[in-house]
Every structure is written in C-alpha cells, then in structure tokens.
1. So between ARG42 and VAL80, what do we pick up on full extension, going 0.36 nm a residue minus the alpha carbon distance?
2. Please name which of GLY141, ALA24, THR117 has its Cα lying farthest along the dipole of the chain towards the positive end, using unit charges on Cβ (Lys, Arg +1; Asp, Glu -1) and the Cα centre as origin.
3. How do ASP33, ASP113, ASP121 stack up against each other in accessible area, from largest to smallest, with a 1.4 angstrom probe?
4. Mean Kyte-Doolittle of at least -0.5 plus a Cα span of 18 Å or more along the axis: flag which DSSP H helices in the chain meet both, please.
5. Can you tell me the length gained on complete extension of the stretch ALA176 to LEU152, counting 0.36 nm per residue apart and subtracting the Cα distance?
6. Quick one: if you stick a label point 7 Å off each Cα along the C-beta vector at ALA112 and ALA70, how many nm between them?
7. Highest mean first, how do 9-22, 91-104 rank when packing is the count of other Cβ atoms within 10 Å averaged over residues?
8. Using the heavy atoms of the protein chains and a 1.4 angstrom probe, tell me the accessible area per residue for the chain in square angstrom.
Amino acid sequence: MSGWAWTALALYLGWAGFAFGVRAALQRRRTGDAGFRGISGRPGEASWWAGVLFVAALLGGTAAPVAALAGLPTAAHAAVQWTGLVITLAGMAATLAAQTNMGTSWRVGVDADERTTLVTDGLFAHVRNPVFTAMAVTAVGLALMIPNWLTLVALACLIAAIQLQVRVVEEPYLMAVHGPAYAAYTARTGRFLPRSSQVTT
C-alpha cells in the first residue's frame, strides 16, 4: 500500500504545483498578473464557503496519502487502484488542457470589477467548466488509488466547493459581464458535462 500512497502523493503534489504554481507563473509572465483573486464574499456566505471548501479539499488531498503512509487503514483491490491511476492521469491532463484553453483569462477566484474574455473554444466548446470537471475527475482517481475516509472527505469538499463556486460566484458574474453572449453559450453548452444542466437566468 505504501507504494500507492507515495504515487498518489507525488501525483497530487505535482498536479497541484503545476495547475496553480506553474500556471500562475506563466500567467504573470504573460500578463504581469498571477491571476489569483482569493476567496469571494464575507465569512458565512455561500461564496465564502466555496473558497473554504476548496482549501479543505486541497489540504485533504495531500493529507490522505500522508495518513495512509502513517498507517491509516486503506482498503482497495489492485484493479481499483490501477483504474484510479488511469483516471487520475486523465484528469490531470484534462486540467492542464483546459487551463491552457483559458489563455490570459485564467483566474483563481473572481473580481467583480474585472472584465475578461469569454472563452468558448477548445474544451470550453463542449463544457462551460472543464477545469472544474477535470479537477473532480482527478480527485475521483486519487480516491480510488487511496480509498480512505480522508480522500472521501476531500472529494466531498471539492464537489461542494465546485458547485458553490460555479452557481453562486462565477455564473452570476459571467452573466453580468457578458449578458446575451453568455446566455447563448449556456443554452448550447453543459455546465460540467456536454449538454448537461443549464444556468437559470
């Protein structure tokens, strides 16, 4: 099991480091701005909880393989773990591809006074939030590689954070900024999966 825990930890740290650290460095080099906007809203608001849950998910994703290495019981069959590895690698690749598609519009968080280009090509032609979808896929893969209660809690925190961030923070912001263009985009493109639920206007 220690081999799987080390693999999951290395993949997770590498993915998080590239998805946030390297991506932010590239963004700063291209635009002079790293793209981090922080947690939205005031403590207790839904938008604030989205940010808090994201942080909890990131910490839990790191803690889960560390806890497994320290002896936390983890029950899984090799076939499940290999499946998790494949899903994790696919999610990592999709995360990086979706971030690349965003170009200079890439941000972590939302600044209500900021205006960025509405990205509708690449993976965004099929899904409105491919970065979040890919992050969830990665988390599912890691949970299969190291199935303990910490990975499940981290996954639940991530899914809740994504739902809140998209529905409460990002969609209202994009509708306010892009208006009819965003409404038309939501009418033809799924929120997290192709042709899935649409934003309520």
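1. Details: separation 38, 0.36 × 38 = 13.68 nm, distance 4.08 nm.
Additional length available on full extension: 9.6 nm.
2. Most positive-ward Cα: THR117.
3. On the way: ASP33 55, ASP113 135, ASP121 95 Å².
The ranking, largest first, comes out as ASP113, ASP121, ASP33.
4. Working: long enough: 2-16 (21 Å, 0.82); 46-69 (34 Å, 1.62); 78-102 (36 Å, 1.03); 130-145 (22 Å, 1.91); 149-164 (23 Å, 2.30).
Flagged H segments are 2-16, 46-69, 78-102, 130-145, 149-164.
5. Working: separation 24, 0.36 × 24 = 8.64 nm, distance 3.51 nm.
Net length gain for the segment: 5.1 nm.
6. Output for this residue pair reads 4.0 nm.
7. Details: 9-22: 16.0, 91-104: 18.4.
Output ranking for 9-22, 91-104: 91-104, 9-22.
8. Numbers: 9870 Å² over 201 residues.
It amounts to 49 Å² per residue over the chain.
The values are calculated or read from the model by the stated rules, or taken from the named source; none is laboratory data. Please read all numbers here as calculations on a predicted model, not as lab measurements. Positions of Cβ are generated from backbone atoms using ideal geometry, with glycine treated the same way; all protein chains shown enter the neighbour counts. These accessible areas exclude ligands, DNA and RNA; they are computed on the full protein's heavy atoms, side chains included. Shrake-Rupley method; radii C 1.70, N 1.55, O 1.52, S 1.80 Å.
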